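Undergrad: Pasting in a structure now, in structure tokens, and then I'll have a few things to ask.
Nothing in this text is a laboratory measurement; each read-out follows from the coordinates by a stated rule. Please read all numbers here as calculations on a predicted model, not as lab measurements. For neighbour counting, all protein chains shown are included, and Cβ atoms are generated from backbone atoms with ideal geometry for every residue, glycine included.
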């Protein structure tokens, strides 16, 4: 499975990788903002995208909007510290498959992947 | 300047910034619930500074603008002060946001700013303390200054001996033109604790 992790924090990207199930065969690409994420997506590096919301250059809301505008079937799991109910509803409305609050744990990752039928 | 905070490596700074990002997400959530609005959260940026070094303070956009500044202390192994900087019209904006008008708005302004200070300080410092497994307690919030510049306030004697994690974090309710910025000052002796925790987290991941 090709996984794209989008977050401006290197530590957060590491935590996402660490939370992935050990038995998941994944090729992971990393991006530090929305623009890098779109480039990686266009280059074919993403079947599942883990997306932060609060990022410089292009935030997660805009990135999600553009991704889903291009490909309604893009699988995007939002991982964010912005836990406002309105933020969670907004990403759902934009087409995110799941919302996971930071800091992510293996259990939360498992639940999110299960929720969208990937494991 | 030879402080430990100023000499953080990039990866240490990244960890600290992400810890604060998670903490401030909780702060935005609590502010949103209080005001029944959606709060836009900026990307937090951390500049370790010596709060008494005027040349470093000039880097901050908020330092040279007249502001209403509140404060709240926190105690424990993590010890220091949080300051919340409201814009010059922040009190009016906040009262308007909360639905107060006229004379009622004037009388409630200070109380509202102290409530917001308490909410943001609690969320910010609790959020940080929980992640690094430290316990903190709090003093009451208070109005520190009205109409003075932050750099004048920080240059005063009582803040000597503090270093600052300047969180250039901006909470904004765009529909009501309300915003505020946060400044976290920690004491010199608490800095070692913070750095120790950051290094532990780095070794864990």
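Undergrad: Starting with the highest mean, order A:19-26, A:79-86 by the number of other Cβ atoms within 10 Å, averaged over the residues of each peptide.
TA: Answer by packing, highest mean first, reads A:79-86, A:19-26.
Undergrad: Going by average Cβ density within 10 Å per residue, which order do the peptides B:33-39, B:16-22 take, highest to lowest? Don't skip to the answer; put the middle values down first.
TA: Values: B:33-39: 16.9, B:16-22: 24.0.
Ranking the peptides B:33-39, B:16-22 by packing returns B:16-22, B:33-39.
Undergrad: Mind checking Rg over Rh on the stretch A:2-115, alpha carbons, Kirkwood formula for Rh?
TA: Working: Rg = 12.5 Å, Rh = 13.7 Å.
Taking Rh as the inverse mean 1/r over Cα pairs, Rg/Rh reads 0.92.
Undergrad: Running a GNM on chain A with Cα contacts under 10 Å, which residue among A:77, A:104, A:49 ends up with the highest mean-square fluctuation?
TA: Checking each option, the largest mean-square fluctuation is seen for A:104.
Undergrad: I've got another one for you. Using the basic label-point model (7 angstrom from Cα toward the beta carbon), what is the residue B:189 to residue B:101 distance in nanometres?
TA: 5.4
Undergrad: Ratio of Rg to Rh for the protein assembly as shown, alpha carbon only, Kirkwood? Each step should come with its number before you reach the end.
TA: Working: Rg = 20.4 Å, Rh = 20.6 Å.
In the protein assembly as shown, Rg relative to Rh is 0.99.
Undergrad: Here's a follow-up. Need one number: % antiparallel among DSSP beta bridges in the protein assembly as shown, to the nearest 5. Walk me through the numbers before you get to the answer.
TA: Values: 38 of 55 bridges.
Percent antiparallel among DSSP bridges in the protein assembly as shown is about 70.
Undergrad: Could you calculate the contour length gain from residue A:10 to residue A:43, that is, 0.36 nm times the residue separation minus the distance between their Cα atoms, to one decimal place in nm? Don't skip to the end; give the middle numbers.
TA: Details: separation 33, 0.36 × 33 = 11.88 nm, distance 2.14 nm.
Answer, rounded to one decimal: 9.7 nm.
Undergrad: Counting helices only, and only those DSSP H runs with n ≥ 4, report the 222 nm mean residue ellipticity of chain A as the sum of -39,500 (n - 2.57) divided by its residues, in deg cm²/dmol to the nearest 500. Before the final figure, lay out the partial values.
TA: Values: 5 runs with 49 residues, N = 119.
Taken over chain A, the calculation gives -12000 deg cm²/dmol.
Undergrad: Continuing with this model, one more query. Using alpha carbons only, how many angstrom separate the centre of the stretch B:110-150 from the centre of the stretch B:1-33?
TA: 15
Undergrad: Evaluate peptide B:27-36: per residue, the Cβ atoms of other protein chains within 10 Å of its Cβ; return the mean as an integer.
TA: Values: counts 1, 6, 9, 2, 1, 6, 2, 0, 0, 1.
The shielding value for this peptide is 3.
Undergrad: A further question follows. In nanometres, what is the gap between the two model label sites at residue A:35 and residue A:93, each 7 Å from Cα along Cα-to-Cβ?
TA: Computed distance between label sites residue A:35 and residue A:93 equals 2.8 nm.
Undergrad: Same structure again: Anyone know which of A:108, A:43, A:32 comes out most mobile in the 10 Å Cα GNM of chain A?
TA: Taking springs between Cα atoms under 10 Å, the residue moving most is A:43.
Undergrad: Students often get this wrong: which residues of the stretch A:89-116 have the backbone nitrogen under 19 Å from the point 7 angstrom along Cα-to-C-beta of residue A:23?
TA: A:106-116, by backbone N distance to the label point.
Undergrad: Please give the average number of partner chain Cβ atoms lying within 10 Å of the Cβ of each residue in A:10-23, rounded to a whole number. Can you show the working numbers first?
TA: Details: counts 6, 12, 7, 2, 5, 4, 0, 1, 2, 0, 0, 0, 0, 0.
Partner Cβ neighbours, averaged per residue: 3.
Undergrad: May I pose another question? Principal axis extents for the stretch B:67-128, Cα atoms only, whole Å, descending order, please.
TA: Principal-axis extents of the Cα atoms in the stretch B:67-128, largest first: 44, 19, 14 Å.
Undergrad: Could you identify which residue out of A:27, A:91, A:100 has the top mean-square fluctuation in a GNM of chain A using Cα springs shorter than 10 Å?
TA: Answer for the Gaussian network model of chain A: A:27.
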